[in-house]
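The values are calculated or read from the model by the stated rules, or taken from the named source; none is laboratory data. As the structure is a prediction and not an experimental result, all values here were calculated from the model. So basically every Cβ, Gly included, is an ideal-geometry build from the backbone, and we count neighbours across all protein chains shown.
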Amino acid sequence: GNSVTQMEGPVTLSEEAFLTINCTYTATGYPSLFWYVQYPGEGLQLLLKATKADDKGSNKGFEATYRKETTSFHLEKGSVQVSDSAVYFCALRGAGGSNYKLTFGKGTLLTVNP
Amino acid sequence: DGGITQSPKYLFRKEGQNVTLSCEQNLNHDAMYWYRQDPGQGLRLIYYSQIVNDFQKGDIAEGYSVSREKKESFPLTVTSAQKNPTAFYLCASRRPGTETGELFFGEGSRLTVL
């Protein structure tokens, strides 16, 4: 079945540091890939997405590139802010008939200190 | 403003009691979902509904029940058969015609069994 593996947290950075959160996946065919963000006490929000190989999703300074050859979708940001502190989830929608649901990674807690 | 409203935000239940979590949306979305979130486990799908009067089991449906009598409403009942109900419950919906992974989430309901 489909699965998503994210780097274990927590990740603690200083403001303006470079961020990478690794995400790799297992799926057949060409899944769609997503990053969601959850701020404290809230539900999840879609951060960015990529629906085919080599696509780059971007939003709010965050980027992730769909790499079919390495089955990866790593999240990056060049300069993090305190307001980026949240839990980040990588997610996958399988290709074909099982496209009703998302498979989520376990989440990575990011804390950014001033 | 359009959105998804979950209530109550916090709920305490004694063992052996059923409890119903409310999810209402005014986004005119057809598809709605219930996810369970546990620390370090990511999100797992409980039930989903693609259209009124129809719903399907997700990965962890045992001990839960749902109904979809109206487009706007998708309540989740946590029954006494659910062995470990303490968790954070998230309701989501999807806009018609969009990529299946683009979900809108409510702010969640935290259930604690005493």
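Assorted remarks:
- Index of the failed condition, B:Glu72 passing every other in (1) out of contact with any Gly (no Cβ under 6 Å at 6 or more places or on another chain); (2) away from chain A (no Cβ under 14 Å); (3) at pLDDT below 95: (3)
- Residues that are surrounded by 14 or more Cβ atoms within 10 Å (Cβ to Cβ) and not in a strand (DSSP E or B), drawn from the stretch B:28-58: B:His29, B:Asp30, B:Val52, B:Gly58
- Meets criteria (in contact (Cβ under 8 Å) with a residue 40 or more places away in the chain and of a type in the set (Val, Ile, Thr)) for A:Thr51: no
- Apart from one condition, B:Glu62 fits all of (1) in contact with a Lys or Arg (Cβ under 7 Å, 6 or more places away or on another chain); (2) in a loop (DSSP other than H, G, I, E, B); the exception is (1).
- Entry remark, the stretch B:81-114: residues being charged (D, E, K, R), within 14 Å of chain A (Cβ to nearest Cβ) and farther than 25 Å from A:Gly94 by Cα number 2 in total.
- Every condition in (1) modelled with pLDDT of 95 or more; (2) farther than 22 Å from A:Gln6 by Cα; (3) not aromatic (Phe, Trp, Tyr) holds for B:Asn84 except the one numbered (1).
- A:Asp54 meets the conditions (1) under 12 Å from the mean Cα position of the chain (by Cα); (2) more than 13 Å from chain B (Cβ to nearest Cβ) in every case but one. The failed one is (1).
- Residue list for the stretch B:9-27, filter: farther than 21 Å from B:Gln56 by Cβ and either free of Cβ contacts under 8 Å to residues at least 24 places away in the same chain or part of a loop (DSSP other than H, G, I, E, B) (or both): B:Lys9, B:Lys14, B:Glu15, B:Gly16, B:Gln17, B:Asn18, B:Asn26
- Matching option when the condition is modelled with pLDDT of 95 or more and either in contact with a strand residue (DSSP E or B) (Cβ under 7 Å, 6 or more places away or on another chain) or closer than 14 Å to A:Thr111 by Cα (or both), among A:Leu47, A:Leu92: A:Leu47
- The listed residue being among the hydrophobic types (A, V, I, L, M, F, W, C), more than 14 Å from every other protein chain (Cβ to nearest Cβ), within 25 Å of B:Ser93 (Cα to Cα) and within 13 Å of the chain's Cα centre (by Cα), out of A:Leu47, A:Leu75, A:Leu33: A:Leu75
- You will find that of B:Val78, B:Val66, B:Val52, B:Val19, the residue that is more than 14 Å from the chain's Cα centre (by Cα), of a type in the set (A, V, I, L, M, F, W, C) and away from every other protein chain (no Cβ under 14 Å) is B:Val52 and no other.
- Which numbered condition B:Pro8 fails, given (1) on the phi < 0 side of the Ramachandran plot; (2) surrounded by 15 or more Cβ atoms within 10 Å (Cβ to Cβ): (2)
- The listed residue being among the small types (Gly, Ala, Ser) and in contact with a Gly (Cβ under 6 Å, 6 or more places away or on another chain), out of B:Ala31, B:Ala87, B:Ala81: B:Ala81
Listed here are the residues, each with its yes/no results for (1) in contact with a Lys or Arg (Cβ under 8 Å, 6 or more places away or on another chain); (2) outside any loop (DSSP other than H, G, I, E, B); (3) without any contact (Cβ under 8 Å) to a residue 60 or more places away in the chain; (4) within 14 Å of chain B (Cβ to nearest Cβ).
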position	(1), (2), (3), (4)
A:Val4	no, yes, no, yes
A:Leu13	no, yes, no, no
A:Glu16	no, no, no, no
A:Val37	no, yes, yes, yes
A:Ser58	no, yes, yes, no
A:Tyr88	no, yes, no, yes
A:Tyr100	no, no, yes, yes
A:Thr111	no, yes, no, no
